[in-house]
Amino acid sequence: FSFSDRIQLPRNMIENSMFEEEPDVVDLAKEPCLHPLEPDEVEYEPRSSRLLVRGLGEHEMDDDEEDYESSAKLLGMSFMNRSSGLRNNMSVYRQNANGSCSVPSMRTVVVCTVVLVIAVSLIMVIYLLPKCTFTKEGCHKKNHTMELIYPLATNGKLFPWAKIRLPSDVVPLHYDLVLQPNLTTLKFAGSVKIVVNIVQVTWKIVLHSWHQAKPVEFLEYPLHDQIAIMAPEALLVGQNYTVNIEYSSNLSDTYYGFYKISYKDENSKQRWFAATQFEPLAARSAFPCFDEPAFKATFLIKIKRDEKLSTLSNMPKKATTPVTNGIVQDEFFVSLKMSTYLVAFVVADLKNISREINGSLISVYAIPQHLNQVEYALNTAVKLLEFYQQYFLINYPLEKLDLVAIPDFQSGAMENWGLITFRETALLFNSNTSSARDKKLITAVIAHELAHQWFGNLVTMEWWNELWLNEGFATFMEYFAMEEVFPELHSDEDFLNLIFKAMMKDSLNSSHPVSSAVQSSEQIEEMFDALSYIKVTLKIF
């Protein structure tokens, strides 16, 4: 029989293999057609839409099967269109007069071969092309004169650095940073002079900075928060150069970078408070810098302010000089070498109480209406600082240590060297309303942040994959110091709970090594989890 000899099925019947039980399988490779028919004797029986169940005869249908058949008939038209196409595709094998089955036609073989060649070619093309070919951004044009594919700066030129981490051919030595925050306009202006040393001959200086609205003369790559200053001539090894940058920005609306918050004073009047939170990657939002932990440098900070406000920074204040009517400038002593994420400054209306210990002035600051709640924090800080100095056999290296209660602060606290910032609930203690639990919390947070003055500030990880060096040891020393200095708080019970919590976290599939490879900002942020803080205590314990 031929293609044109097909009998048309009635349109009210369904040819649908989904509703039919498959017959016993016959291996046609081993047996020829069992009952050969003459060409004129070939019979066609339209497939029924009935659901044939194994074990039931063809005429043994129950009520449910009749429902299946009725439903199938209602869907007949759509199934007919699909089944007729399937029937055409199944006709490539013909039954000969002698009952044997012939091979596919030459046309079918050619079509199948062409389709196979096209499919294999497409697979090879997809496999060999770079992945970025099919992305929305596409691929940058390859520069065959360079080993790396450099990204494009905002002005369309090639940016001379392609990695997230900064090059090591230039290192910062010193920053002169001048800031003028305006708590009326909620903006700030700044200038920075960075003394850098050249380790390897280079034509570029690459550092961190967030995008500025005003035009600049250097290259900018916002994806990595990087800028590149292109030198007109080679920068020589061993020489020091000074980079001068002036800039301006808004005070941040978040709790990240150099940000602003508002609060109500004792007269219910709205007041503004400016503070910093740079860990891990936000120093670049306040001033252009080499914003990686390994690039330690010294800092000379000057802040211009309203004469009615106060300023604090990492180091003691050196001098205050008038600038214009109502504006003065505070200059602070040059800092020790430290990482950019530890730089801090606060501009606000603050009051404080202080006490001196071993040549260092310890002070606790708060807004005026909360000054009567800082005494417990001061006493606690003095006792803990004495303990750490005796235990480590290393004196606290700065001449002052400020603890500041901020009215609106996202973290519990931040260990900025010489200027520790706290959420108010983690520093202020009211003897009339605060509970024993509040006292234990305040003590624990102070113990943790003071431990950071050694673990993290004095000794700092090179990169964020070693965050456990900061947080793990500070967490352990927090409980150890509390048990030694304040045994009445029974912190040993809390430490035992902490160990079990660490074991539970470490048993989950989401656990990770205390040291994990991180590159992007998202990966760095993810390192600040319970495992980095607690897991290392298991080994210490």
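Selection of segment 158-205 for residues being among the aliphatic types (A, V, I, L, M), open to solvent by 40 Å² or more (accessible area, probe 1.4 Å) and assigned to a loop (DSSP other than H, G, I, E, B) yields 164, 199, 201. Take residue 356 and tell me if it is within 26 Å of residue 265 (Cβ to Cβ), among the charged types (D, E, K, R) and touching a strand residue (DSSP E or B) at 6+ places or on another chain (Cβ under 9 Å). No. Each residue in segment 386-429 was checked for being of a type in the set (Phe, Trp, Tyr), under 19 Å from residue 454 (Cβ atoms) and in a loop (DSSP other than H, G, I, E, B), and 2 pass. Candidates are the residues of segment 256-272 that are of a type in the set (Ser, Thr, Tyr) and in contact with a Ser or Thr (Cβ under 8 Å, 6 or more places away or on another chain); the one that is most open to solvent (accessible area, probe 1.4 Å) is 256.
Quick check, is residue 485 open to solvent by 10 Å² or more (accessible area, probe 1.4 Å), of a type in the set (A, V, I, L, M) and out of contact with any strand residue (DSSP E or B) (no Cβ under 8 Å at 6 or more places or on another chain)? Yes; evaluated as a whole, the condition is true for this residue. Restricted to segment 467-541, the set of helices (runs of 4 or more DSSP H) holding at least 3 residues that are over 24 Å from residue 164 (Cβ atoms) and more than 27 Å from the chain's Cα centre (by Cα) comprises 468-485, 491-506.
If we scan segment 455-466, do we find a residue that is β-branched (Val, Ile, Thr) and surrounded by 14 or more Cβ atoms within 10 Å (Cβ to Cβ)? Checked against the condition, which is being β-branched (Val, Ile, Thr) and surrounded by 14 or more Cβ atoms within 10 Å (Cβ to Cβ), segment 455-466 yields at least one hit. Residue count for segment 488-541 satisfying the condition of being crowded, with 16+ Cβ neighbours inside 10 Å, over 18 Å from residue 455 (Cα atoms) and hydroxyl-bearing (Ser, Thr, Tyr): 2. Within segment 342-364, is even one residue at pLDDT 95 or above, farther than 30 Å from residue 191 by Cβ and touching a Lys or Arg at 6+ places or on another chain (Cβ under 7 Å)? Among the residues of segment 342-364, at least one is at pLDDT 95 or above, farther than 30 Å from residue 191 by Cβ and touching a Lys or Arg at 6+ places or on another chain (Cβ under 7 Å), which makes the answer yes.
Among the residues making up segment 302-361, those that are open to solvent by 50 Å² or more (accessible area, probe 1.4 Å) and hydroxyl-bearing (Ser, Thr, Tyr) are 320, 321, 324, 354.
The values are calculated or read from the model by the stated rules, or taken from the named source; none is laboratory data. Given the structure is predicted, the values throughout are model-derived calculations rather than measurements. Using ideal geometry, Cβ is built from the backbone for each residue, glycine included, and neighbour counts are taken over all protein chains shown. For the accessible areas, the whole protein counts, side chains as well, though only heavy atoms, and no ligand, DNA or RNA atoms are used. Shrake-Rupley method; radii C 1.70, N 1.55, O 1.52, S 1.80 Å.
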